[in-house]
Every structure is written in structure tokens, then in C-alpha cells.
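The values are calculated or read from the model by the stated rules, or taken from the named source; none is laboratory data. What you see is a predicted model; the values in this text were computed from it and never measured. Here the Cβ is made from the backbone with ideal geometry for all residues, glycine too, and neighbour counts use every protein chain on show.
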Amino acid sequence: MDLARRFVVVFIAASLLAQVPVLAAKTASEPEAAASLPRQWLDDWRQPSVRLRPLQIVHGVPPEQATVEAMMGLKELGLGGIVCNVAFGEYLRSERNWQVLVRAVEACGQAGLRVWIYDEDGYPSGAAGGLVLDENPGCEALALAYDPCQADPFLLRPAYEHTHASNNYYAARRYPNLIDPVAVEAFIRTTHDAYGERLKPFFGTTIEAMFTDEPSLMAVNIGPLPDEVRAKVRVVDPLDPNVQPLPSVPWVADLPELYRRCYGQDLLAARKSLFEGDSERDRQIRQQYWALVADLLAERYYGRIQRWAHAHRFASSGHILWEETLEHHPALEGNTLKVLGRMDIPGLDMLTSNPEAVIHTGWMTAVLPASAALLNGGRRVMTEVSDFSETMAGKGPASVAEMCATAAWQAAFGVTEFTLYYNRQQRSPTEYRAYGDFVGRLNALLRDAQPAPRVLLYYPIADMWAEYKPVAEKLTKQTQSARMRGIIDSFMNLGRRMTRGQISFALADHEVLAGARVKGKRICAGDRCFDAILLPADVELPSPARANVRRFEAAGGRVLRDVRGETASLDFLAGLYGSGLPSNPQERIVVGRFRRAGRDLILVVNVAASACDCEMSAPQATKWIVADPAAGTMEPVPTDRAGWISLSLPPRATRVLVGPADD
């Protein structure tokens, strides 16, 4: 989250909770075809409950709005609750602000609304508004920097200047070391325990989750802020202009000893390989180093928060930084898929409400947390969604149709929890209610359904570890090797092509593949089985994963290996799906596939600004139902010929196709 969005939030916080007239809910038509649906599905569709509706992010409820009456006003706007925190002023230290928050949470409970807790003063999470380092200055994030021009090229220094800690849109503030257990314990004690002391009676009832926002390892140059933004950013800790950008990696005091225990090698003697060298030994050292760092971040930060949440009877959630750029994953999170897997409700940050973002990099942002949930046996996935990009470009606010299409394509990837930075004051109560109803109806059918992708796209983080070399300048794909660029291009191209070709898929890293079970011609991770694996060009699977992929292939499983310079055909993937493929694939149609109570459900979203007529394959097409979550209607499907459903989709329109129950 960034400063400009924070300005919007302040405006929301001051006025969001005003009363609005109760809006009449549109009653969905229930044709004879819908009579076979379970009664609970229809009840949820007609009047979605608060558990199905979006949550408004409110940073500091105004004292006069911490009332049941004000919270009922939010409920009447179509919302299901709020994401809130103790007010940022005198953060975590003002007893008056704590009392206001307690009253607000109590009022939400009495109004029947859900509450999530946001865990930071601004972002990135982990600093407790600076209190962690105020009390523990030795816990600052560390970078091992490399300057080959010096006699001793290695320098251990704070990871502050040139990093996300100093170059974010909220505040320039020094940052704790998330792989230092002392720093993380200080964050938990200062933040989580403080919430636990005051709000414990509401945990597991009104309060259902805690939200961590963009924590990271820090030790990477993310580039300067634009001058007009820098002028507005609050500077808590002045930047030292004498600190020059250098290639850096994250560090913690016990890292050399842990490396020795894991690999039987001296990391200090081998540390030059973290920055340069292309020998097999150099690449192995980098791969081992980043694997260890990923494990430490997953366990010491995300795992610690998850354990605290479980002890207090609610879920951990949040999202990471820059999901859409694969080259940043080692430096910022070690292994993004792994750390997201340590959240009960993994999430994403969607800064735009242009629905067509999905066919570019939006799919990447969503498929990561969706895959983490799927492979861990979870269902819930969170999005922090806004029209920030449109606002910053002077093109906002997003229309309700754009908001709904953006929600729908995320739901196609598995998103269930919508946390909103939309400014309610820029929309009428009727419009905001329409959006809340739309999300509620989507979830009425899909939240308790299981995503049904049948293809795994290999997430090549092990190759990123081996190939990644830190640079002094802003990290971009162009600063990395030709091999790394080729792997990224191949991976992103495969994901885009499947998204644009209506192929549902999930991601799996080398650890998932190594632990998967081969069952006949399928490969299964947890309780999910897949029919095909796609490998980006030039990847080198670690031996346990490689052996398992070979077993899968030998058993008749489908493995596609992309080749650099050639365009791999994905035609065979169409044969994996018995329903939900258009007769003519159209790039701006996004499809999500689900199973619920013996039925197929297919979510079809037209993300384009123009209308689209298409036919979707569906066995027993005459027995299917087409549901329109915007209008609240359910109708028998229109069919032109056997086995095909005819759809006429207006711009930004969404339909949910509901199949007949299995015999």
C-alpha cells in the first residue's frame, strides 16, 4: 500500500461510516432449471450473507463512528465488514485510540459484521510503526554488500537506503530483520500481543483474520521514487546520501552457522559466489543460500505469525511485495510460493481495476496465492483491490462494471475474500451496494466450491536462485543473465497463453513436485491431482523433482517442455477439459473451473471493453444454468447445438455456468 492510497483511506475513514438508506435487494429469478440447486445455494444467491461480501479497509475508525448504528450503515452498503487497526496517531501507545477500536469491533459484532485486523502503521509490516527498532536497534534488517573495488569487498550494513524501506509511498523508516527471531518476537510482542490483550474476546468470533502488508527481506535496490512522490513521503529516518548502492543480499548473524549445518560448507569462504561467478559451484552456492533464506523467512516470520494466530483462534493473511515480477522473488521473499503457503488465507495486491490487466501480468499476481492455498488444502484467498493506478493516472474512479469484472477474474483464479481500498465517496450508495451484491453472489456459488485446474505450471524459483546475481542499480529483468531472462520470458508466456486460452492452471515449485505422488496418469500434491506439467524453457529441475516428473511421464502423464526460440503448442491441454472451452478461444475471455457437490461450475468473464458472443463446450448443455451475478438472475442456458452453451457477453460481463449434478 502506498501514500496516495493512504490519502484516499483518510478520506474514507472520515466519512465512510455515514448512514445510507437501506437498498432493496434484487430477487433472483428462479426458473425450473434452478429448482434442482440446493436450497442454501439459492438462499445465498438471493441474499448473500456477510461472510460472502467484501470488507472495507478503514485505517482508524473515527471515535464518533465506533457505533452499532454506523456499522449498520456499512452493512446496508453491501459490505460484510471491515479491515481495521488502532489509529496511526500515537500508534499502539494511545489508550484512547485503543478504546475506540474496542468499541468499533464490539459494534461490528453487534451489527453482525466481520473484522480483520491490519498489523502495521502503514506499510511494510514488521516495524510496529518503528517501535521494534526503537526498543531493539540491533534488530535492523541487514545486507551483506559487495564492492569489488575495495581490498575487502564485503560490507555488512543496514538494508535501508535504496530499498523498499526508504522508497515506498508511505514513510521512509528503518526496518527490522524478518529472518532475525529476536526482531520478529519484538514485532509480535509489540503488535500482536497488544491486540490480544485488548481484543481477545473477539478472536475467532467477530475477528477472523490478521492482515500483514508487504513485508520483505529488503536487501535489494528497487529504484528511486518519483520526485513528486518523494516530496510527499513522511521521512521518519533521514537517508544518508553517502550510502552508495551496492549489490546486496539479506543477512542475519546465525546464517553462516545454519548454512554449515545444512550443507557442511563454510558460507563466509564461499560468499563471493553470491555475487559473481558462473561455475557449477557458484550456482550451487547461490541455490543453497537462497533456499536457506527462503526457509528462514517462511518459518521465522510467516510461520511465527501463523502460530500466534492459531493460538488465538483466527487466521493469518496478507500479501507480499511485487508478486508480478519473477526476478524480484529471491531478493524480496526467497520463495514467494513457499511464504504464501505459510498464510491461512494467502493474498495478493491488485492496484488496478482495469480488468484487462489479467491477460498481461494480473494472472501472475493471483495464481501465486491461489496455488499456495490450493496445494495446502485451503480454499480462501484474499485480494487487496483498488483503482489506485487509475487514480494516480487521473483516469479514475473505476466504474462499477470495471470493479465487478476485476473481482470476477480474480475469483476465476480462486479469490474469495475482497478487501477494498475503493473510495465509497466516489460512488453512490446504489453503486456500492451493487458491487457488494455482485461479490456476494459470486461467493454464493464459488466460495464453497473447489477450484479444478488440471495443469501445473512449474514455478522456477530454484533456477532463479542459481542464476540471480545482485546488482547495485535498480533490479530489473534486464540486469540479469540471458538464461534468467529466457526462463522468465518462457514462464510468463506460458501463463499468459493459458490465461488467454481459457486453460485453468496452478503453480508448483520443485519442492511440491518432489513430494507429489504419481497415481496412474496423474500427479497429486496433497488432495489435488493434475494431468499435465508445463516446464519453462531452460529450467533444471533439482534431482528429487526431476525423478518424480520422469516417473509421472513414464506412467503416461503429459509433460510439455518449452523450448527457447520456439512456440510450444498447448493444443493438447484442451482435451483435458470436458467443459468450459470456447469454440474459438478469445484472448479477453477468462475462465475459472470449479467443482461443488458433484456439479461443475464455470466462471466466464469478458474483461474487454467490447461485447463478445461465444460458445462454451458443456456436456448435457440443455441441463445447465446460466447465472448473472450483476443482475441476480438464473436462467436455463441458451443452446444453438448439442454440447454447446451460447453466451452473449456485454462489455465487462460475468456469467457463472452451473452444471447438472453427477448421476
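Checking each residue in segment 154-172 for being surrounded by fewer than 19 Cβ atoms within 10 Å (Cβ to Cβ) and in contact with a helix residue (DSSP H, G or I) (Cβ under 7 Å, 6 or more places away or on another chain) picks out only F154. Looking across segment 246-304, the residues that are under 18 Å from E333 (Cα atoms) and of a type in the set (D, E) come down to D295, E299.
For segment 613-633, the condition of being aromatic (F, W, Y) and in a helix (DSSP H, G or I) holds for none of the residues. Among the residues of segment 470-486, is any out of contact with any helix residue (DSSP H, G or I) (no Cβ under 8 Å at 6 or more places or on another chain), modelled with pLDDT of 95 or more and in a loop (DSSP other than H, G, I, E, B)? Yes, segment 470-486 contains at least one residue that is out of contact with any helix residue (DSSP H, G or I) (no Cβ under 8 Å at 6 or more places or on another chain), modelled with pLDDT of 95 or more and in a loop (DSSP other than H, G, I, E, B). When each of R157, R230, R189 is tested for being of a type in the set (K, R) and under 24 Å from I305 (Cα atoms), the lone residue that passes is R189.
Applying the criterion of at least 3 residues that are closer than 27 Å to V512 by Cβ and of a type outside the set (K, R) to the helices (runs of 4 or more DSSP H) found wholly in segment 225-314 leaves 255-263, 280-297, 304-311.
Take M210 and decide whether it is in contact with a His (Cβ under 7 Å, 6 or more places away or on another chain), surrounded by 14 or more Cβ atoms within 10 Å (Cβ to Cβ) and either modelled with pLDDT of 95 or more or within 21 Å of R313 (Cα to Cα) (or both). When the stated conditions are applied, M210 does not pass them. List, please: which pairs have Cβ atoms under 6 Å, are six or more places apart or on different chains, and start with a residue in segment 491-517 that is within 20 Å of P330 (Cα to Cα) and end with one that is surrounded by 23 or more Cβ atoms within 10 Å (Cβ to Cβ) and modelled with pLDDT under 95? Within 6 Å, no pair qualifies.
Taking residues in segment 313-332 that are touching a residue at least 60 places away in the same chain (Cβ under 8 Å) and buried (at least 22 other Cβ atoms within 10 Å of the Cβ), and partners anywhere that are of a type in the set (S, T, N, Q) and in a helix (DSSP H, G or I), the pairs with Cβ atoms closer than 7 Å and at least 6 places apart or on different chains are S316/Q306; I320/T336; H329/T336.
The sole residue among V243, V293 that is in contact with a Gly (Cβ under 9 Å, 6 or more places away or on another chain) and modelled with pLDDT of 95 or more is V293. Residues in segment 173-207 that are surrounded by fewer than 20 Cβ atoms within 10 Å (Cβ to Cβ) and small (G, A, S) were compared, and the one that is nearest to the chain's Cα centre (by Cα) is G204. Reported count of residues in segment 555-602, each being out of contact with any Ser or Thr (no Cβ under 8 Å at 6 or more places or on another chain), in a strand (DSSP E or B), closer than 22 Å to A516 by Cβ and not hydrophobic (A, V, I, L, M, F, W, C), is 3. When residues in segment 387-406 are screened for being assigned to a helix (DSSP H, G or I) and either farther than 17 Å from P629 by Cβ or touching a Leu at 6+ places or on another chain (Cβ under 7 Å) (or both), 5 of them pass.
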